[in-house]
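Take a look at the structure set out below.
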There are 2 protein chains.
Amino acid sequence: MTYKTSILLADDHLLFISGLSTLLAEEQNNYDIFVAHDGNMVLQMVSDQQPDIILLDIGMPGIGGMEVLKYMNRVYPAIKIIMLSSYNDAHLIEKARRAGASGYLLKNCSIEELQRAIADVMEGKLSFPPIVHLPEHNAYTNPIAQQFNLTKREIEIIQLIKEELTNKQIADKLFLSLFTVETHRKNIMHKLKLNSAVSLMKFILDFKL
Amino acid sequence: MTYKTSILLADDHLLFISGLSTLLAEEQNNYDIFVAHDGNMVLQMVSDQQPDIILLDIGMPGIGGMEVLKYMNRVYPAIKIIMLSSYNDAHLIEKARRAGASGYLLKNCSIEELQRAIADVMEGKLSFPPIVHLPEHNAYTNPIAQQFNLTKREIEIIQLIKEELTNKQIADKLFLSLFTVETHRKNIMHKLKLNSAVSLMKFILDFKL
DNA sequence: GGTGAATTACCACCTTGTTGGTATCTTATA
DNA sequence: TATAAGATACCAACAAGGTGGTAATTCACC
């Protein structure tokens, strides 16, 4: 009999782990699947079953995935951990890597990618998404900003408004006249069809400018 | 041959819908399963397949679940929609109900609950979680609000400030003197250690008051 | 019944932002 | 090179909010 890779699925969404365990159990590669739906249960299952790999939801309630990861890494360094997350966030990925994860998978990956990652990790490799320097959604490429025809300077000023600077402070920072900043602000307000500094702040935060 | 209930699974997490469709396909009750992983694909699949039921993730990126729900309800009123969500949030549940959903399921429900909900909805019933009046995290019980010793009235006024009302408008709405509102605002600013209306708005949004 | 917190109300002075103008200079581009 | 868009700068009148006061009334709670 061939060796079965034992996998612990840890995610608080029952539907997700039921589905995923069915899916994995169906595959010809044999897996032993265990499930846990909160941090405490993970700790329990790990000490009971000593799985090879844990697929660990990063966003579990209570003891979160990151905390479990750090704990596991300290107490069971032999167990490989692949973080599961909804977010393709370079920052999160880095955090997981530094905390000792063996991999990071997006929940919208395919089953093939999942199997590939499991296989890689079992061979001792790491499995992280390539650091894609996507056209990052900074303020300048923000679709909202484009939609409202905001200019570079206007967006720059919006960034400072977001930092709660007054027109005077912005003028000093950018070596501009107070009048100039007022003019820019006036134009911004027109373009966004707003009529108060407070509304502007709400707009900026709501639309993540 | 018995009639198969056709179900469209709409969720951006491929692993989730792969798993769930396997799980549902395995069940003795026969389902026809289709999947979609974004809002546009949902619209496409619905017009192609005319499913009986849509299991619709409330948090899809791009065109969100709520928007799809509203659209479906208008254009295909015969199709029943069960919202899938991670959040047991009375407010969200109410929103879904009012927008015409036939049900609301938590992603951490069991497969049995899912089947029960599908069956109920096919019979024309509604399937919503019991309205549990949990200690709701409204503005009044918000830990931040408590930490800063904000009074009921102050929180009430903060809610209106968040709606971009001016002091005058708040005074009219609450049948108070403008001076009174100014006083409340002054006290709020002191308690939060802020010094401008703009900073206050940022604080309110950042801390989700 | 007294105390303190909460709510209400007022005033004067100041700072900040809003609005609707005008006007010059630069820069990208057709 | 002509034109348009962008950035810069100024002004005046006005609106909104910020600050530091005072003070009366209500209401919960000891």
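Only the coordinates and a few stated rules stand behind these numbers; no lab work does. Note that the coordinates shown come from a computational prediction; the quantities given were computed from them, not determined experimentally. Here the Cβ is made from the backbone with ideal geometry for all residues, glycine too, and neighbour counts use every protein chain on show.
Tell me the residue from A:MET45, A:MET66, A:MET41, A:MET72 that is in contact with a Phe, Trp or Tyr (Cβ under 6 Å, 6 or more places away or on another chain) and more than 10 Å from chain B (Cβ to nearest Cβ), please.
A:MET45
On the given criteria, is B:ALA171 within 14 Å of chain A (Cβ to nearest Cβ), of a type in the set (Gly, Ala, Ser) and either buried (at least 17 other Cβ atoms within 10 Å of the Cβ) or under 22 Å from A:THR166 (Cβ atoms) (or both)?
The answer is no for B:ALA171.
Scan A:GLU112, A:GLU27 and give me the residue that is touching a residue at least 60 places away in the same chain (Cβ under 8 Å) and surrounded by fewer than 14 Cβ atoms within 10 Å (Cβ to Cβ).
Result: A:GLU27 is the single residue among A:GLU112, A:GLU27 that is touching a residue at least 60 places away in the same chain (Cβ under 8 Å) and surrounded by fewer than 14 Cβ atoms within 10 Å (Cβ to Cβ).
Taking A:ILE79, is it in contact (Cβ under 8 Å) with a residue 60 or more places away in the chain and among the aliphatic types (A, V, I, L, M)?
Against the criterion (in contact (Cβ under 8 Å) with a residue 60 or more places away in the chain and among the aliphatic types (A, V, I, L, M)), A:ILE79 does not qualify.
Condition first: surrounded by fewer than 18 Cβ atoms within 10 Å (Cβ to Cβ) and more than 14 Å from chain A (Cβ to nearest Cβ). Now tell me which residues in the stretch B:75-91 satisfy that.
Result: B:VAL75, B:TYR76, B:PRO77, B:ALA78, B:ILE79, B:ALA90, B:HIS91.
Within the stretch B:165-197, can you find the residues that are near DNA strand C (Cβ under 9 Å from one of its atoms) and not in a loop (DSSP other than H, G, I, E, B)?
Answer for the stretch B:165-197, where residues must be near DNA strand C (Cβ under 9 Å from one of its atoms) and not in a loop (DSSP other than H, G, I, E, B): B:ALA171, B:LEU174, B:LEU178, B:PHE179, B:THR180, B:VAL181, B:GLU182, B:THR183, B:HIS184, B:LYS186, B:ASN187, B:ALA197.
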